[in-house]
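Scroll down for the structure; my scribbles are underneath it.
Throughout, read-outs are computed from the coordinates displayed, never taken from laboratory work. Computed from a prediction, not measured in an experiment: that's the story for all the values here. Because the Cβ atoms are built from the backbone with ideal geometry, glycine has one as well, and the counts that use them run over all protein chains shown.
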Amino acid sequence: MNRDRSNKKVSVAQATKEGINAAVKHTSRRKKIFILLFVLLNIVTIGVTALIEFTGSDSGTADNLNFTGLKLHFLIVAFLVFCAVLLAETIKYGVMLKVTTNKFHPGMAFQVAALGKYYDNVTPLGSGGQPFQVHYLNKRNVSFGVASSLPIAGFLMNQFAFMVLMAVGIIINTSRSFVTSPVLLASAYIGMIFYIIVPVMLVLFTIMPKVSGSILKFFVRLGHKMHIVKHPDETTVKVLHNMEAYRQSLASLSKTKYLLIIVFIFSMCYQICMCSIPYFVLKAFGAGNAYIDIFFMCVYTYAAVTYIPTPGNAGAAEGTFYALFKTLKSGNIFWAMLIWRFLSYYMFLATGVGIYIYNFVKNKRALRDKKDASDEGDTANA
C-alpha cells in the first residue's frame with residue numbers, strides 16, 4: 001500500500017512537471033503575439049497622451065520641451081531604486097534557496113528574480129512568471145517540490161505586501177485626498193479585489209482540494225462551451241495536477257513560518273521601491289509634492305490596472321498614470337510617465353533579454369571549450 005502511495009505521488013509530480021513544462025512552451029508560442037500587442041497598445045497610448053499633452057489648451061508646448069531645469073541626480077536615484085527592486089527580489093529568492101537547498105546560489109537567485117519579472121511583463125495578468133520560474137529551477141537540478149514552492153511563496157508574499165500598502169493608502173486617502181476621481185477609485189478598488197481573490201483562492205485550493213477541483217472542472221467545461229478551451233479533458237487533467245502541486249507546495253511552506261516572514265519583509269521592500277520610483281522621477285522635473293502622496297498615487301495606479309489582460313498592463317498603465325498624476329499640476333507629467341514606464345517596465349524586459357544573451361554566449365563558449373578539449377584529446381591519442 002505504501003508503494004502504491006509512493007507511485008501515486010511520483011506520477012502526480014511527474015504529471016505536474018509535464019504540465020508546468022507545457023505551460024512554459026505554450027507561453028513561448030504566445031509570446032510573439034503578446035509582445036506585438038503590447039507594443040501597439042503602448043504606441044497608441046503614448047501617441048494619444050502626447051497629443052493631449054502638447055495640443056491641450058493648458059499644455060504649454062514650449063515648457064513641455066524645455067529640459068533646462070531637469071535635475072539629473074534625481075533620475076540617477078530613480079535608477080538606483082530600480083536596482084534596489086531587483087536586489088530585494090534577488091535576496092528574497094537567495095534566502096529561500098539557501099534555506100531549502102542548503103546552498104548559496106546568488107547567480108541563480110538573480111536570474112530567477114529577473115527572468116520571473118520578464119515573463120510577468122510579457123504575458124497577460126503576469127501569468128507566465130511563476131511557471132517559468134518553476135521550469136528554470138527544475139532544469140537546474142532543484143527538486144520539483146522546492147522548485148514549485150519558491151515562486152508560489154514569492155508571489156503570495158508580494159500580493160500580501162501590496163494589499164497592506166493598498167489598505168494603508170485607502171486610510172490615508174480619506175484625509176489627504178490624493179486620489180479623487182470616482183473612476184480611478186472604483187478601478188483601484190476592483191484591482192484590490194483581484195489582489196485579494198488570488199491568494200485566497202490558492203489557500204482555499206490547499207485546504208479544500210475536492211471543492212476547488214469541482215470548481216476548476218466547472219470553469220473548464222464552461223470554457224469549452226464558450227470555445228475557449230479546445231481539449232477539456234486534457235486541460236482538466238493538467239489543471240488538477242497543477243492545483244495538486246500548489247497544494248503540496250503551500251503545505252510544505254506552512255511548516256517554515258520564519259522563512260515566510262523573511263520573504264514578506266523583502267516583498268515589502270520590493271513593493272516600496274517600485275512605488276517610490278515616480279517620486280524621484282517627478283522630482284527630477286521639479287515636482288514639489290510630498291513623498292507620501294506620490295507614493296500612494298503609484299499604489300493606486302498599480303491597483304487600478306492589475307486586472308487589465310494585456311502584457312504588462314500595456315496601455316492602461318500609461319493612461320492611468322497620466323490621468324492620475326496630471327492632477328498634481330507640477331512637473332512634466334508626460335516625460336515623467338515615459339521615464340517611469342521605462343524604469344518600472346522596459347528595464348525588466350531589457351534585463352531579461354540581457355540574461356538570455358549572457359546565457360547564450362556562455363553556453364556557446366562552454367560547447368566550444370568542450371569541443372576544443374575533445375579535439376586535443378583525440379590528437380594526443382593519435
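If you filter segment 115-155 for trypsin sites (Lys or Arg not before Pro), then keep DSSP loop positions with at most 10 other Cβ within 10 Å, what is left?
Counting only loop positions with at most 10 other Cβ atoms within 10 Å, none of the trypsin sites (Lys or Arg not before Pro) in segment 115-155 qualifies.
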Mind scanning LYS257/LYS283; LYS210/LYS255; LYS139/LYS238 and naming the pairs with a C-alpha gap bigger than 30 Å? LYS257/LYS283
With viscosity set to 0.692 mPa s at 37 °C, what whole-number translational diffusion coefficient in µm²/s follows for segment 264-335 from Stokes-Einstein and a Kirkwood radius over Cα pairs? 257
Subtract the Cα-Cα distance of ASN363 and ALA167 from 0.36 nm times their separation in residues, and report this length gain in nm to one decimal. 65.9 nm
How many nm is it between the label spots at ALA186 and MET226, if each spot is 7 Å from the Cα in line with the beta carbon? 2.1
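Which of rounded, prolate, oblate describes segment 72-214, given a ≥ b ≥ c as roots of the alpha-carbon gyration tensor eigenvalues and a/c under 1.5 marking rounded, otherwise prolate only if a/b is larger than b/c?
Oblate.
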